[in-house]
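**Q** Below is a structure I'd like to ask you about.
The values are calculated or read from the model by the stated rules, or taken from the named source; none is laboratory data. These figures come from a predicted structure and were not determined experimentally. Cβ coordinates were reconstructed from backbone atoms using ideal geometry, including for glycine residues, and neighbour counts include every protein chain displayed. Side chains included, ligands, DNA and RNA excluded: accessible areas come from the protein's heavy atoms. Shrake-Rupley method; radii C 1.70, N 1.55, O 1.52, S 1.80 Å.
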Amino acid sequence: MRVPTTSPASTAHPRAALALGLIAVATFLSMSVWFSASFVVPQLRRLWDLSSGESSLLTIAVQLGFVVGALTLAATGLADALLGRRLMSLGALGAAGVNLVLLWSPGFAVAVLLRALTGACLAAVYPPALKEVSSWFQRGRGTALGVMIAALTLGSAAPQLIKATGGLGWQVVIVATSALTAAGGVTTFFLRRSGPFPFPKSVFRLRSALRANRNRRVMLANLGYVGHMWELYAMWAWIGTFLAGLDGFAGSPNGSQHAALAAFACIGVGAIGCLVGGRISDRVGRAQSALISLVCSGAAAVVLAFIRTLPLPLVLLVSAFWGFWVIADSAQFSAMVTENADQRYVGSAVSLQLATGYVTTTATIYLVPVLVENTSWTAALLALAVGPVVGIGALLAYLRSTADS
């Protein structure tokens, strides 16, 4: 996916800010169904007598559905054949409908299938949203994409906020998140046109993607992204469960609601982290910004592993620090690929990176509750810290390669 060549004077458009706002709002609303089932897992475990591994599969199915959906749209050319804003609308309305059908699911097996279909529908929302935003910006594109990832972050946290209203059955959470996602689909109708900097058509080809990965820097950027994703979605999926088990929340009359509100804050603060990460990237470089984020998020996971019994405000502070940095580097890895890959294969290279990253998330989403059930939260949090360690090593090697050239 090659950035179009246009004169610098044409890089600003008077409707760009409005378009960014509409697309960000649509993304925020649409992505609220991503973790809708994960956040009501305790109720679903009792309802369907689920094991910890089965509970994890309700989130893993979304991740795998997203990967299959994204690659299918790219490989078939549908991502280019349909207008991005129309694809977003169809994806959001489809995700809302499939999520709502969970209310009539007879059991776990059907629920997993519905969650996979939800992820596939969301693949028609998020990647096209990034592409639509990019079509409105040349200069300032990094900041604009940071706003988009911030919207993704807040949307992913939304079910926690709904849960925090207190005393809600799982059905209410499903209905509310479906309504928000449908509203996201409707919001895209207010976006009348794409931006003035369209991208050429690009179809995913595995051979092209693998060819792009022969570049050492692309390979290292992808390894860093895998380390980032190893930690990110497991943190988002299970931070609410972690907080609900703390002494300050567990057993108190409104403890579950207060824990959900705290989880929303710990995830949602990452929206600010996205903007800060983008600004650091503009000042010192993309790899340096990602390295700072991985060091901070990995350190937070390690610290949390050993301070669960300390005063609640301190644990919440470290948890929020983790949530701030765990997403701050997300945009930088894709940017490194776009800057280092053979420009003929950029689209395929980025698609492969996203697919690899989201498949990686399934391992830790499954692993965390299993480790908690069989060992402890200490073991689970230390396992998540392995991702940042791998990512840090990859980025240090990346920086050495750029210094040598």
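**Q** Under a 1.4 angstrom probe, counting protein chains only, how are Phe264, Phe242 ranked by accessible area, largest first?
**A** Phe264, Phe242
**Q** Tell me the accessible surface of Arg279 in square angstrom (1.4 angstrom probe, heavy atoms of protein chains only), to the nearest ten.
**A** Arg279 exposes around 130 Å² with every protein chain in place.
**Q** Turning to a different aspect of this structure: If packing is taken as the average count of other Cβ atoms within 10 Å, what order do 114-126, 81-93 fall into, highest mean first?
**A** 114-126, 81-93
**Q** Per residue of the range 208-213, in order, report the coupling 6.51 cos²θ - 1.76 cosθ + 1.60 (Karplus, θ = phi - 60°) as ³J(HN,Hα) in whole Hz, putting x for Gly and Pro.
**A** So the Karplus estimates, Gly and Pro as x, are 5, 5, 5, 5, 5, 6 Hz.
**Q** Counting pairs of alpha carbon atoms under 8 Å apart in space and at least six apart in sequence, what relative contact order in percent does the range 266-321 give?
**A** 39
**Q** Can you give me the accessible area per residue for the range 63-156, using a 1.4 Å probe, in Å²? Don't skip to the end; give the middle numbers.
**A** Numbers: 3250 Å² over 94 residues.
Heavy-atom SASA per residue in the range 63-156 reads 35 Å².
**Q** Over the chain, what is the relative contact order in whole percent, taking alpha-carbon pairs under 8 Å and six or more residues apart?
**A** 25
**Q** When the label point is put 7 Å from the Cα of Val389 along its Cα-to-beta-carbon vector, which residues of the range 288-311 have a backbone N closer than 20 Å?
**A** Only 291-308 fall inside the zone, counting backbone N under 20 Å.
**Q** Could you compute the net charge surrounding Ile272? Neighbours are other residues with a C-beta less than 15 Å from the C-beta of Ile272; K and R count +1, D and E count -1. Spell out each step's value before the answer.
**A** Numbers: positive: Arg279; negative: Asp329.
Spelling it out: positives minus negatives among the neighbours equals 0.
**Q** Short version: ³J(HN,Hα) in whole Hz for each residue of the range 370-379, in order, from phi by Karplus 6.51 cos²θ - 1.76 cosθ + 1.60 (θ = phi - 60°), x for Gly and Pro, what are they?
**A** In residue order, the calculated couplings are 5, 5, 4, 5, 9, 10, 6, 5, 4, 5 Hz.
**Q** Please say if the range 41-154 is rounded, prolate or oblate, where rounded means a/c under 1.5 for a ≥ b ≥ c the square roots of the C-alpha gyration tensor eigenvalues, and otherwise the choice is prolate for a/b larger than b/c and oblate otherwise?
**A** Judged from the Cα gyration tensor, the range 41-154 comes out prolate (a/c at least 1.5, a/b above b/c).
**Q** Under the classification rounded if a/c is under 1.5, otherwise prolate if a/b is larger than b/c and oblate if not, where does the range 265-322 fall, given a ≥ b ≥ c as square roots of the Cα gyration tensor eigenvalues?
**A** It is oblate, given that a/c is not under 1.5 and a/b is not larger than b/c.
**Q** Roll a 1.4 angstrom probe over the protein heavy atoms and tell me the percent of accessible area of the chain that is carbon or sulfur.
**A** On the way: 10820 of 15990 Å².
For the chain, the apolar C and S fraction of the accessible surface comes to 68 percent.
**Q** If I fit a long axis through the Cα atoms of helix 312-326 and take the longest principal axis of the Cα atoms of the chain, what angle between them do I get, 0 to 90°, rounded to 10?
**A** 20
**Q** Along Cα→Cβ, 7 Å out, is where each label goes; now give me the distance between the ones at Ala403 and Thr72 in nm to one decimal.
**A** 4.7
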